[in-house]
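Let me begin by presenting the structure, written as structure tokens, before commenting on it.
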Amino acid sequence: MALFISSFAVLAQALCLTNAFFVPATRVARRGIKPLRAAATGDEVALFPFASEPETTAALWERIDDVVMGGVSSSKIVATEGGGAEWRGIVRTDGGGFCGTRTATLEEPLDLSAYDGIYIDAALVSDEDVARRAWKCTIRTGASRGEVVHSAEWTPSVGEGGAPCRVPFEDFKLVRGPRLVEGAPPLNASACEKVYGFGLTLSKFGAARPGATPVVENFRDGPFAVKLNGVGCYGAAAAVAAAPKRLAVGGSKPNSPGSPIKTNGIILG
């Protein structure tokens, strides 16, 4: 018995030493969802490396399409046969008009206060009509899964390659669903000490404006496919990052072919 206790103590000490160099992997509530370790390159940190770990990364994201408001659009992130991942779907304007995907709740929030913003490395590969759609990204700075998030516009490249689109924190405005929360200050780095999630939206609704939510002129509905290379953060802090983060998700529903979440409110669109 004494030998068992001694061995357990040695193992516990070894684990503590390991955690001094890596942020420990948080518990994963769903079997088969693996923790993901981010990697720094130059002044960027790939929090979600779809290109190198498509299946593991896609499993950390979930659908939030317009069915939450009575629409019939649908989308999903899938690992492709040739490697990498794509966000694919069909946008319908009947009763809605947007497709969205977001990370499931991170069990431990990320501290991004030392960075300048986030980037999305992606390319529209189904067609070339980037301008006929509204593209939005969101950052969630609270543990709630409600509809209040910070939202900003971004633009994917066109074609197979893809390129990072950088969005500074200052571009993010507080919204409640598709509506601007008037009087709220823009996001800033100091408010990103606890980031609980990210989201992407393709929508017929443009960025929220005071008193209005514009609709994209000549909006292109129907099928779409966006090649996803990575989503992460950027800034000088990336070059001196102490250790890569290990990302794991809690009990939210993963990216799957089942029915989208209907209990978390309309946070995208």
Q | Reach of K194 by Cα under 14 Å, taken over aspartates and glutamates that are not fewer than 8 positions away in the same chain | A | E107, E108, D111
Q. Solvent-accessible area per residue for segment 106-244 at a 1.4 Å probe radius, Å²?
A. 42
Q) Going highest first, how would you order 115-124, 164-173, 216-225 by mean Cβ packing within 10 Å? A) 115-124, 164-173, 216-225
Q: Please report the relative contact order for segment 122-233, taking Cα pairs under 8 Å with a sequence separation of at least 6, and give it as a percent rounded to a whole number.
A: 37
Q. Which cross-chain or sequence-distant (5 or more) residues have an amide H under 5 Å from the amide H of A163, H modelled 1.01 Å from N in plane?
A. A122, S157
Q | Length gained when the stretch D43-V72 is fully extended (0.36 nm per residue, less Cα-Cα span) | A | 6.5 nm
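The values are calculated or read from the model by the stated rules, or taken from the named source; none is laboratory data. These figures come from a predicted structure and were not determined experimentally. Heads up, the Cβs are rebuilt from the backbone with ideal geometry, glycines too, and the neighbour counts pull from every protein chain shown. Quick note on the areas: whole protein, heavy atoms, side chains included, nothing else; ligands and nucleic acids left out. Shrake-Rupley method; radii C 1.70, N 1.55, O 1.52, S 1.80 Å.
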